[in-house]
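Bear in mind that the values in this text are calculations on the coordinates, not laboratory data. Predicted model only: the values in this text are computed from it and were never measured. Positions of Cβ are generated from backbone atoms using ideal geometry, with glycine treated the same way; all protein chains shown enter the neighbour counts.
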Amino acid sequence: MKKGRPNFTILKIKRASLFLLGMVFFLFPSNNWYSIVQATYQPPKTQAINLEPPIVADYPINFTEILVPQLTARSAVVIDRDSAVVMFAKDEQTQLLPASTVKLMTGLVALEHYGLDNVLVAKEINFQGQDMELGENEMISVESLLYGVLVASANDAATLLAQNYPGGTEGFVKAMNKKAKELNLKDTYFANPTGLDNDEEGNLLSDYSYSTSLDLARLARVIMKDPILGEMVATTQITVTNVTGKIEHHLYNINELLHWLPGMKGVKTGWTEEAGECLIGYVERDSRGVITVILGSEDRFGETARLVDWAFSNHQWQATNPSRQGP
């Protein structure tokens, strides 16, 4: 063999050896390289549960298509209690002065903070508008004050509840507005616990409350779900006393519809010269309930009665849940 030339015989032998080694690995695999796994399919465990669809409130349908009688009210709304469907609306999102209908929120915030048997002392209360004639240093329960606020629309009672709240009246008003946000009353603002919009000289306050008929209807719906507040706003008259029982306060509800409109169960009147006549009403008939709000009216009682009669005379409640029959 000449120097510098490769030995082809040796090279062929090496290639053949590598080929034979590869065939050995291919034909005789080892369990070290792979393993066979056998598995039996197991279906997932299931458990039957009883799940019923939520009950949807029946829907009021105007089957006569008769329109609401003409109103003097600047704003008005009628909503169904259960479904919250708006059955009628007139400028329902216009922000107006709410007068003493504000006291619904006053009562709600006070009830959430105080116990009914808590005792407050009347001090430095300025008498303006409607009141229950609290005496200086008179000790009286929160329950009696709430009756004063919601039955007699007493400004002195509302003021006393606010004064004793953490942070005083300012803290109480902040709580009122916080609660309004929680209830999604987005077009409502509270400046005080009374709803007064004028000072003692009759001048319009620089900071005053405002709301809409739709927001007030939503607030009334919350009030009527509370058994304590619901009972208070339906009270026509009551006598409460101070803690000693020696001082009596005779309270009369200004809502005259409680006396003669069938099914009327509240909820709150309001009036100032700037706001006009205001009334939030709640009526139950044949297991149905409607909430009405009148703002800026010249005849709040007459127009509320006409709205109520229109709602019940011209609507049928249609079941939206096919598995449930309406009452």
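Points to keep in mind about this one:
- Pairwise centroid distance, computed over Cα atoms, of the stretch 209-240 with the stretch 67-122, Å: 7
- Under 19 Å from K90, Cα to Cα: aspartates and glutamates that are on another chain or at least 8 residues apart: E65, D80, D187, D215, E277, E298, D299, E303, D309
- Taking trypsin sites (Lys or Arg not before Pro) across the stretch 226-297, the ones in a DSSP loop with at most 15 further Cβ atoms lying within 10 angstrom of their Cβ are K246.
- Extending 7 Å from Cα along the Cβ direction at T244 and again at Q47 yields two label points whose distance is 6.4 nm.
- Computed over the stretch 231-327, the Cα gyration tensor eigenvalues convert (square root of 5λ each) into semi-axes of 31, 20, 10 Å, ordered from largest to smallest.
- Relative contact order of the stretch 59-318, defined on C-alpha pairs under 8 angstrom at six or more residues apart (%): 28
- Point-charge dipole on Cβ atoms (K/R +1, D/E -1) for the stretch 159-313, about Cα centre, debye to 20: 880
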